[in-house]
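What follows is a set of notes on a single structure, which appears directly below.
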Amino acid sequence: MEIEKESKVDPSMETPLYFRCPISMEVMKEPVTISTGVTYEKKNIEKWLYSYKKKTCPATMQALENFNLTPNHTLKRLILTWQAKESKSVVVASPLSTSVKHDELVALLATIGSTPFMVTSLKKLRMIVEMDDEIKIDFVQSGGIEVLSRIIVQGLIDFSDFIAFRSCEEALGILYQVPLASEASIELLSQPECMRSMAIMLQRGSAEARLHTITIFRNMAKTEYNWSGVVHDQGMDLFSSLLELVSDEINNKASSCALDVLIEILRASKKNRLKAIESGAMCILIELLPDSNKSKCERMLMIIKLLCECAEGRLALVDHSLGIVAISKKILRVSELTTRLGIKILWSISSFHPTEKVLEEMLMFGSVRKLLGLLHIDGRSSTKDKAMKIIKLHGDTWRKYPCFPNELKDYLGLKQDHSN
């Protein structure tokens, strides 16, 4: 039986960590090594260095001595060999594997807090947890969340200690894998010290650690977690970290999670919205909006709509040279939700900030034509009603311009005749 067990392929090794790019977490095709000795997928590290103008290693945050990218031919051969074997191998689980892994799991959890080789133990624990969903559930039921939360808090006590910092990163890598559905799990992670440590990791951690942290935050956001404490504690630094992730064009999952977390934080209070505006959220979102896909566009417009509930947010939007045009272009082009959100934003700025400059930009950059387009849609809706209200509110101003649509002149003329 012992020989049979040794001949099996360990499912936890299906995707070795060192085969994955630390930025995208995908298996590398063209691995290259930089001056810190860390290997990345070539296109990802090039984007980090040349598109984002970064001068640090994404995994270690060390300053780079140079920008040389050395092809890692050895690692590429290993990846190709592994992929060839994986395509041929058929994994057969041993009947005893589940019980054996349970015993190993419990033993690791019992000793991990006192071992001098904590990082190694956490890596081993992570490999076990990654095996299947049954083991993930077993991990939670065996008190794994409590053990990891203590390690994360320990990282907060001394982030200058490299071992404590790496242990915190590994603990977050395990939490990233497991379900956080129970109230008890959320309560453990919601402790102020634990949240503070994770928020700091969002600022200082490696690209992988930041992905793990923001995913955990997103899962917590689904449970209606109260963000006031961590926002008060971290302030501008939290929003800066979230907005940096939102701007990440390489890791779509991290940027999507950051958008979800931002929505929940901004929904919670006006104070949070003001801090986000102060952190430059409006400017960043407006500049990202034109090239965003449907899912991100909807999230970004939701955030912009929330920010426009404050006078400071509306001012930040109209002060940006692309503000009105970026919003207008998404109306009637992406989805019903983007149209609804776009009209709400236009209603907000045209009602509370109807300066001559704003109204002129709405006419010149296509907002008015989009409003007219909505009037042609059959049926009645709150979005169409808002569009009609905007036109009635500012139609007399717009009709003085030579570029004012004739069709809308006729429409306003008919309305005035009916009212007389």
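The values are calculated or read from the model by the stated rules, or taken from the named source; none is laboratory data. Remember, it's a predicted structure, so these values are computed and weren't measured experimentally. Heads up, the Cβs are rebuilt from the backbone with ideal geometry, glycines too, and the neighbour counts pull from every protein chain shown. Heavy atoms of the whole protein, side chains included, go into the accessibility calculation; ligands, DNA and RNA do not. Shrake-Rupley method; radii C 1.70, N 1.55, O 1.52, S 1.80 Å.
Data overview
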quantity: Leu289 being more than 16 Å from the chain's Cα centre (by Cα) and at negative phi; calculated: no
quantity: Members of the stretch 184-217 found to be of a type outside the set (A, V, I, L, M, F, W, C), farther than 24 Å from Thr60 by Cα and assigned to a helix (DSSP H, G or I), listed by number; calculated: Ser185, Glu187, Pro192
quantity: Qualifying residue in the stretch 36-43 (condition: over 26 Å from the mean Cα position of the chain (by Cα) and modelled with pLDDT of 80 or more); calculated: yes
quantity: Residue under evaluation Glu336, criteria (1) buried (at least 18 other Cβ atoms within 10 Å of the Cβ); (2) within 32 Å of the chain's Cα centre (by Cα); (3) farther than 27 Å from Gly280 by Cβ, criterion not met; calculated: (1)
quantity: Residue count, the stretch 144-183 (criterion: within 22 Å of Pro116 (Cβ to Cβ) and part of a loop (DSSP other than H, G, I, E, B)); calculated: 4
quantity: Residue match in the stretch 208-227 (condition: of a type outside the set (A, V, I, L, M, F, W, C), within 27 Å of Lys54 (Cβ to Cβ) and free of Cβ contacts under 8 Å to residues at least 24 places away in the same chain); calculated: no
quantity: Residue satisfying all of: in the stretch 300-333; in contact with a Pro (Cβ under 9 Å, 6 or more places away or on another chain) and not hydrophobic (A, V, I, L, M, F, W, C); most open to solvent (accessible area, probe 1.4 Å) among these; calculated: Lys329
quantity: Criterion: modelled with pLDDT under 90 and open to solvent by less than 20 Å² (accessible area, probe 1.4 Å) - qualifying residue of Ala209, Ala258, Ala221, Ala254; calculated: Ala221
quantity: Residue count for the stretch 135-149, restricted to those that are under 12 Å from Leu105 (Cα atoms) and hydroxyl-bearing (Ser, Thr, Tyr); calculated: 1
quantity: Scan of the stretch 34-56 for residues that are of a type in the set (A, V, I, L, M) and in a loop (DSSP other than H, G, I, E, B), ordered by number; calculated: Ile34, Val38
quantity: All positions within the stretch 261-279 that are small (Gly, Ala, Ser) and either outside any helix (DSSP H, G or I) or buried (at least 19 other Cβ atoms within 10 Å of the Cβ) (or both); calculated: Ser269, Ala276, Ser279
quantity: Any helices (runs of 4 or more DSSP H) falling wholly within the stretch 304-358 and containing at least 2 residues that are under 17 Å from Gly373 (Cβ atoms), without any contact (Cβ under 8 Å) to a residue 60 or more places away in the chain and out of contact with any strand residue (DSSP E or B) (no Cβ under 9 Å at 6 or more places or on another chain); calculated: 323-330, 336-352
quantity: Scan of the stretch 280-295 for residues that are under 21 Å from Leu211 (Cβ atoms) and open to solvent by less than 30 Å² (accessible area, probe 1.4 Å), ordered by number; calculated: Ala281, Leu285, Ser292
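For (1) of a type in the set (A, V, I, L, M); (2) within 15 Å of Ile349 (Cβ to Cβ); (3) open to solvent by 50 Å² or more (accessible area, probe 1.4 Å), each residue gets a yes or a no:
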residue	(1), (2), (3)
Glu361	no, yes, no
Leu371	yes, yes, no
Ile377	yes, no, yes
Lys386	no, yes, yes
His394	no, yes, no
Phe404	no, no, no
